[in-house]
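Since the structure comes first, as structure tokens, the remarks are kept for the end.
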Amino acid sequence: MSSPRLRDHPDLLYTIGDFDALYRFGSAGGSRPIRSHMRRVRETIADVFEDNPEVIDREPAWLPVVNHLGRALDLGSRGDLSTLSDSIRRISGRLTWEHGYEKVPRGLAKKYGYCEIVGPRGPVVTDRIVLGLVLFAPEAVYPQHHHRGIQESYVAIAGEWSENDGAVHAPGSLILNEAGHEHRITTGRQSPCLLAYSWLGPADRLIDPAMRFSPRRRSTRP
Ligand SMILES: [Fe+2]
């Protein structure tokens, strides 16, 4: 029987605590903006714990990419973020996977999905922050996009990935995308890629993030 508040759902509570640990014990790499983002995420999670928000039973939803979740969690459970990976496994049956965008390129539809764990649509209902997961199949290309008014960070739980062709990021790496920053993600050939993400921004943006891919620029390679 489901209970209405966060503290009545230990598996969700532990998962959020494991998200918090990423932003508490992970390194900011000497970057002041990343350090202040990490602090804001921690403080907002503390507010969520204090609120003890409502937990709603969202209808679980499946997408083709979820076929890769088992492997991603197996890899995650052997890596540095094993505690978070294990706690995600425990809540995996209740996650609502979606595409978010009205139009998803055909090649991406089977290779991408995201789900929210904490956010305006639940299951843990708050408009202070969004905490969720993005899952990519191997060799996915997530086209260029940005988030207006939303500061975003990704922390890789499993798999190798690149943002804007700038570097190869391994599990444990954190990427900060300031509001409006254009970004495009690609994933490696061998493994699925599971990213934990946080969104910070005004409540109206978190409630209606208006997800759209950016118009293709000539400089963007396929
Ligand atoms: Fe993004």
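The figures follow:
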read-out	value
Carbon + sulfur, % of accessible area of the chain - ligands and nucleic acids excluded, 1.4 Å	47
The chain: proportion of alpha-carbon pairs further apart than 32 angstrom, %	11
Rounded to whole Hz, the Karplus (6.51, -1.76, 1.60) HN-Hα couplings of segment 13-29, x for glycine and proline	4, 5, 4, 5, x, 6, 4, 4, 4, 4, 8, 9, 9, x, 7, 8, x
Mean accessible surface per residue for segment 6-207, computed with a 1.4 Å probe while every protein chain stays in place, in Å²	45
Backbone HN-Hα couplings from phi across segment 73-85 [Karplus 6.51/-1.76/1.60, Hz, Gly and Pro as x]	6, 4, 5, x, 6, 9, x, 5, 9, 5, 5, 5, 4
Value of relative contact order over the chain, rounded to a whole percent, pairs C-alpha under 8 Å and six or more apart	20
MRE, 222 nm, helices only [DSSP H, n ≥ 4, -39500 (n - 2.57), over the chain, to nearest 500]	-9000 deg cm²/dmol
Ile157 long-range amide H proximity, modeled H, under 5 Å	Gly172, Leu194, Leu195, Ala196
For His181, distant residues with modelled amide H under 5 Å away	His147
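The values are calculated or read from the model by the stated rules, or taken from the named source; none is laboratory data. Everything numeric here is computed off the predicted structure, so don't read it as measured data. Remember, those area values only see protein heavy atoms, side chains included, never the ligands or the DNA or RNA. Shrake-Rupley method; radii C 1.70, N 1.55, O 1.52, S 1.80 Å.
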